[in-house]
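Inspection log for the structure reproduced underneath, given as structure tokens.
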Amino acid sequence: MDEQQQTLWQFMLMESDKLLNQTLQHIGLTFISLLFAIAIGLPLGILIARKRALSGTVLGIAGILQTVPSIALLGFMIPVLGIGAKPAIVALLIYALLPIIRNTYTGIIGIDKHIIEAAKALGMDKAQILFKIEFRLAMPVILAGIRTATVINVGVATLASYIAAGGLGEFIFGGISLNNTNMILAGAIPAALLAIVLDALLALVQKMNFKNLRKTLTILPILLIVLSAFYILPSAYGSGLKAGFTPEFMGRQDGDLGLKTAYGLKINTVVISDAVMYKAAYTKELDVISGYSTDGRLKAFDLKILKDDKGIFPPYYAAPIVLQSSLAKFPGLENTLNLLSGKISDSIMTDLNYRTDYLHQSPERVAKDFLVKNKLYKVPGKGQSGTVKIGSKIFGEQYILAEIYSMLIRGNTDYQVETKTGLGGTKICFDALLNNQIDLYPEYTGTGLLAILKPDKRLVAAVITNKDKTYAYVRTEFVKKYKIKWLKPIGFNNSYALMMRQKQSAELNVYSITDLKHHLDNN
Amino acid sequence: MIELIGVSKKYGATIAVNQVSFKVNEGENLVLLGTSGCGKTTTLKMINRLIEPDGGQVLIDGKDIKQQNPEKLRRGIGYVMQNIGLFPHYTIEENISVIPKLLNWEKDKTDRRIIELVDKLHLPKDSLKLYPNELSGGQQQRVGLARALVADPSLLLMDEPFGALDNVTRGSIRKEFKDLEELKRKTIVMVTHDVQEAFELADRICLMDKGEIMQVGTPKELLLNPLNDFSRKFLDGERLALEFKMIRISDVWANLHEASYVSENRFSPELSVWDAMEKLRSGNLSELIFEDEKGVFKKISFDILMRAFNQYKNTNQHG
Ligand SMILES: Nc1ncnc2c1ncn2[C@@H]1O[C@H](COP(=O)(O)OP(=O)(O)OP(=O)(O)O)[C@@H](O)[C@H]1O
Ligand SMILES: [Mg+2]
């Protein structure tokens with residue numbers, strides 16, 4: 001059945017096991033981190049309500065932590081805590097901290113001081129005043145903070161899938177990469193419902209009168225712990241090798257599905273973001289990863305590509321794809337873009353990627369160095385004949401290609417260039433192109449075939465074995481279907497590849513995917 | 001017994017209380033009187049260590065309170081706040097039983113005591129399960145009093161206990177309060193800025209201004225023998241009414257003539273001049289007959305009473 005025609009409901013039924021599992025993980029993640037955030041935030045809130053001089057500093061730090069973008073925060077966690085549950089929980093708890101500290105603080109300092117004085121006058125000691133009076137009176141405000149934190153956590157927990165911590169993000173980000181709307185919705189709808197339901201429930205508790213609140217407050221902590229338990233920490237570090245695959249790879253025929261059907265590979269697998277996957281392999285948290293054959297980190301982290309001896313990974317030759325209307329609008333553009341054709345081989349691309357990803361050179365600099373070296377660089381013209389908009393997906397190689405094209409266009413034509421980099425995955429980039437928000441972006445033949453065109457299996461099998469056939473097929477179909485033209489291939493093939501650490505590969509004598517299968521079966 | 005010796009408190013440059021000394025005897029009711037901001041509340045709070053003085057000493061039954069655990073100290077002193085300060089999240093019953101809980105009383109004992117207080121303070125019985133915001137201001141004030149009295153402390157500090165009430169309610173609660181048997185054996189320090197209230201309830205009054213004591217004495221002493229201009233001026237506005245209420249027929253007894261006849265209607269000389277005048281006026285009478293415990297009869301009319309009153313004042317002032 002074609003995925004496009006499958007209804008959302010059918011998808012959810014088919015994937016109900018995964019869906020349930022992800023939802024439980026999502027709830028668990030949300031509440032474990034909430035539990036820790038309360039355990040830390042409440043005492044801190046009380047502390048700064050007692051020592052007001054500290055309040056500026058503490059709230060300031062919590063505020064700054066909250067403005068760190070979630071992806072970056074997860075990134076910072078990895079060197080310290082690795083991947084998986086730990087960094088995800090810590091990151092989530094950091095986001096939940098501010099509303100809890102702030103509301104505890106304002107809740108307590110907002111109490112009528114005469115009431116506190118009365119408690120003192122009756123002979124209550126500090127602890128009694130705190131637990132019997134301040135806490136209880138501040139509770140509606142504190143609950144409002146917990147409510148905010150919960151909703152934030154449900155949202156941010158979708159990002160946990162970036163670092164192999166599971167949750168509904170696996171579907172959401174897998175769906176975005178695979179251009180599969182059903183998959184996106186299967187993750188996004190439960191996540192949204194979760195946020196709405198939890199918000200409504202906590203709103204009810206928050207608005208209770210003192211009598212009902214008292215009863216509820218005895219149940220709440222127990223509920224919190226029970227919900228946290230949904231997240232059974234993945235007992236990943238069992239025996240054998242551990243694989244980390246991107247959400248995209250997990251859902252693809254030429255990915256995890258192909259590994260299972262063609263090779264019969266059974267390996268302990270977690271879902272993880274491309275951004276942290278290589279590092280995790282390097283630090284031995286993962287053994288096998290689904291990388292890209294031209295990724296610079298291959299070089300940086302000393303990884304070895306396992307030979308795809310059964311040929312399940314189709315060719316991914318890169319070429320710019322351009323709206324035909326744009327080619328007509330900007331004469332000379334096609335020739336200019338084709339200047340790059342055949343100029344970048346696999347090893348050159350790996351090297352360029354290595355410079356940006358690992359040496360942290362800017363894509364502009366890497367692009368310019370490359371063009372100068374290849375005598376393709378020209379001083380930019382005035383750019384008075386219109387603006388070409390170049391898009392790119394959200395990873396380094398695409399940034400570099402976008403820069404190279406931008407410099408080529410400025411140097412060789414009278415067009416201005418606007419780059420829209422970081423357009424997420426294939427779906428976002430391709431939609432931007434279809435909707436005329438960009439004129440071109442670099443795409444890969446395999447992606448065009450399997451993620452965009454999605455022809456039936458027989459046709460895929462017929463064209464996928466040969467790189468020229470694949471190219472010819474997508475070229476014709478794109479013009480027919482979308483009025484988009486594939487220009488000449490750039491040269492390199494950035495296909496999927498399984499990779500391991502060089503050292504481990506040598507130690508285990510695993511050089512191909514078949515070797516890997518045998519190793520797994522024998523251990 | 002409470003004794004303050006040279007107690008002072010500063011807030012920055014403001015001297016809230018300056019070198020205050022006084023003594024409150026067992027069972028006595030001392031009223032701190034003065035205009036707003038003169039340091040009454042501050043003085044009161046230094047007696048149960050809600051405020052720590054900058055200088056001086058507070059002794060309770062001869063012991064320096066600084067040496068005592070503040071929580072224990074406070075559990076033994078009833079305190080009625082200027083702002084009532086009931087706990088909004090506690091029922092009335094829970095509000096009253098705070099101290100019994102702190103003192104680990106048995107439930108039975110607490111319950112019995114609460115029922116007793118509800119009865120004495122004329123609180124509606126079904127109010128025990130209600131929350132403070134479901135009670136009227138006057139009822140809340142009674143709960144505040146019940147909360148302070150529950151453990152039957154021998155000392156009671158009260159900061160404008162009737163402050164939040166309208167004049168009519170205030171008068172009637174004050175009267176009930178005065179008649180409460182329970183309060184008669186307690187040593188009480190009470191704050192007010194209402195002169196009438198002070199004269200009605202005080203055994204002695206401590207008149208304060210700008211953190212300092214202007215005069216300490218019985219209501220009569222303050223009225224008849226003000227020590228300084230401040231004391232005199234402070235009472236001037238209500239002097240006549242206060243004097244009429246304060247001075248009794250027994251005080252002017254010597255200045256009255258014996259009655260030449262005896263009537264059925266005889267009054268006690270403990271009646272104040274004010275009350276005697278009330279009786280003359282309301283009964284539309286021209287004369288009243290009084291009889292003292294020795295069986296002596298005396299007669300007053302409005303004129304005779306005024307003359308005797310003036311004579312009494314002239315002989316008792318300045319000395
Ligand atoms: N916490 C404080 N900080 C600074 N100044 C204070 C503080 N508490 C009281 N004061 C000042 O000390 C003085 C005495 O205050 P206090 O509350 O004892 O007055 P009071 O006689 O009870 O007045 P009122 O009849 O209005 O209740 C006032 O000038 C007041 O402004
Ligand atoms: Mg006061």
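The values are calculated or read from the model by the stated rules, or taken from the named source; none is laboratory data. Predicted model only: the values in this text are computed from it and were never measured. A quick note on method: Cβ atoms are made from the backbone with ideal geometry, for glycine too, and the neighbour counts reach across all protein chains shown.
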Notebook entry, point to check: Within the range A:367-382, is even one residue without any contact (Cβ under 8 Å) to a residue 24 or more places away in the chain, aliphatic (A, V, I, L, M), within 25 Å of A:Gly332 (Cβ to Cβ) and out of contact with any helix residue (DSSP H, G or I) (no Cβ under 7 Å at 6 or more places or on another chain)?
Noted result: yes
Just one listed residue, out of B:Ile47, B:Ile77, is within 16 Å of ligand 2 (Cβ to nearest atom) and within 24 Å of the chain's Cα centre (by Cα), and it is B:Ile47
Going through the range B:1-37 in order, the residues found to be touching a Lys or Arg at 6+ places or on another chain (Cβ under 6 Å) and more than 21 Å from B:Leu155 (Cβ to Cβ) are B:Ala16, B:Gly34
Only unsatisfied item for A:Thr7, checking (1) in contact with a Leu (Cβ under 9 Å, 6 or more places away or on another chain); (2) touching a residue at least 12 places away in the same chain (Cβ under 8 Å), is (1)
Considering the range A:246-297, residues that are charged (D, E, K, R) and under 23 Å from A:Ile78 (Cα atoms), and then whichever is nearest to the chain's Cα centre (by Cα), we arrive at A:Asp274
With the first residue restricted to the range A:113-131 and required to be not assigned by TED's automatic domain parsing to the domain that holds A:Gly45 and aliphatic (A, V, I, L, M), and the second required to be crowded, with 18+ Cβ neighbours inside 10 Å and assigned to a helix (DSSP H, G or I), Cβ contacts under 7 Å at 6 or more apart or on different chains are none
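Looking at the structure I just gave you, is B:Lys45 within 14 Å of chain A (Cβ to nearest Cβ) and not in a strand (DSSP E or B)?
When the stated conditions are applied, B:Lys45 passes them.
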Per the filter on the range B:37-49, residues within 12 Å of ligand 1 (Cβ to nearest atom) and among the polar types (S, T, N, Q) are B:Thr41, B:Thr42, B:Thr43
Among residues of the range B:46-74 being among the basic types (Lys, Arg) and surrounded by fewer than 21 Cβ atoms within 10 Å (Cβ to Cβ), the residue nearest to B:His193 (Cα to Cα) is B:Arg49
Of the listed residues (A:Ala88, A:Ala62, A:Ala39, A:Ala53), the one being in contact (Cβ under 8 Å) with a residue 60 or more places away in the chain and assigned by TED's automatic domain parsing to the domain that holds A:Ile101 is A:Ala88
Over the range B:198-214, the set of residues more than 12 Å from B:Val31 (Cβ to Cβ) and either away from ligand 1 (no atom under 16 Å from the Cβ) or out of contact with any strand residue (DSSP E or B) (no Cβ under 9 Å at 6 or more places or on another chain) (or both) is B:Asp209
Exercise for review: Could you check, for the range B:185-197, whether at least one of its residues is within 16 Å of ligand 1 (Cβ to nearest atom), more than 14 Å from every other protein chain (Cβ to nearest Cβ) and under 22 Å from B:Ile77 (Cα atoms)?
Suggested key: yes
Only one of (1) modelled with pLDDT under 95; (2) within 25 Å of A:Leu122 (Cβ to Cβ) does not apply to B:Leu224, and that is (2)
Every listed condition ((1) on the phi > 0 side of the Ramachandran plot; (2) within 14 Å of chain A (Cβ to nearest Cβ); (3) within 14 Å of ligand 2 (Cβ to nearest atom)) holds for B:Gly39 save (2)
Query raised in the report: Is one or more of the residues making up the range B:156-179 in the same structural domain as B:Arg112 (by TED's automatic domain parsing), in contact (Cβ under 8 Å) with a residue 40 or more places away in the chain and hydroxyl-bearing (Ser, Thr, Tyr)?
Result: no
Taking the range B:13-36 and keeping residues within 11 Å of ligand 1 (Cβ to nearest atom) and loosely packed, with under 14 Cβ neighbours inside 10 Å leaves B:Ala13, B:Thr14, B:Thr35, B:Ser36
- Just wondering, is there one or more residues in the range B:133-146 that are within 16 Å of ligand 2 (Cβ to nearest atom) and in contact with a helix residue (DSSP H, G or I) (Cβ under 6 Å, 6 or more places away or on another chain)? no
> Of the residues that make up the range A:136-159, is at least one more than 14 Å from every other protein chain (Cβ to nearest Cβ), among the aliphatic types (A, V, I, L, M) and more than 28 Å from A:Leu217 (Cα to Cα)?
Replying inline: yes
Among helices (runs of 4 or more DSSP H) completely within the range B:58-112, the ones holding 3 or more residues that are touching a residue at least 24 places away in the same chain (Cβ under 8 Å) and out of contact with any Gly (no Cβ under 9 Å at 6 or more places or on another chain) are B:92-96
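Evaluate the following for A:Leu122: is it surrounded by 22 or more Cβ atoms within 10 Å (Cβ to Cβ) and within 13 Å of chain B (Cβ to nearest Cβ)?
Taking the combined requirement at face value, the residue satisfies it.
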Within the range B:50-86, residues away from ligand 1 (no atom under 15 Å from the Cβ) and charged (D, E, K, R) come out as B:Asp61, B:Lys63, B:Asp64, B:Lys66, B:Glu71, B:Lys72, B:Arg74, B:Arg75
Q) Has the range B:90-104 got any residue that is farther than 30 Å from B:Glu212 by Cβ, out of contact with any Pro (no Cβ under 9 Å at 6 or more places or on another chain), facing chain A (nearest Cβ under 8 Å) and surrounded by fewer than 20 Cβ atoms within 10 Å (Cβ to Cβ)? A) yes
When (1) at pLDDT below 95; (2) within 16 Å of ligand 1 (Cβ to nearest atom) are applied to B:Leu121, the one that fails is (2)
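Got a sec? Which helices (runs of 4 or more DSSP H) wholly within the range A:324-379 have at least 1 residues that are out of contact with any Ser or Thr (no Cβ under 7 Å at 6 or more places or on another chain) and closer than 24 Å to A:Phe478 by Cα?
Hits in the range A:324-379: A:324-329, A:333-338.
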Quick count over the range A:312-333, residues being of a type in the set (Phe, Trp, Tyr) and more than 25 Å from the chain's Cα centre (by Cα), is 1
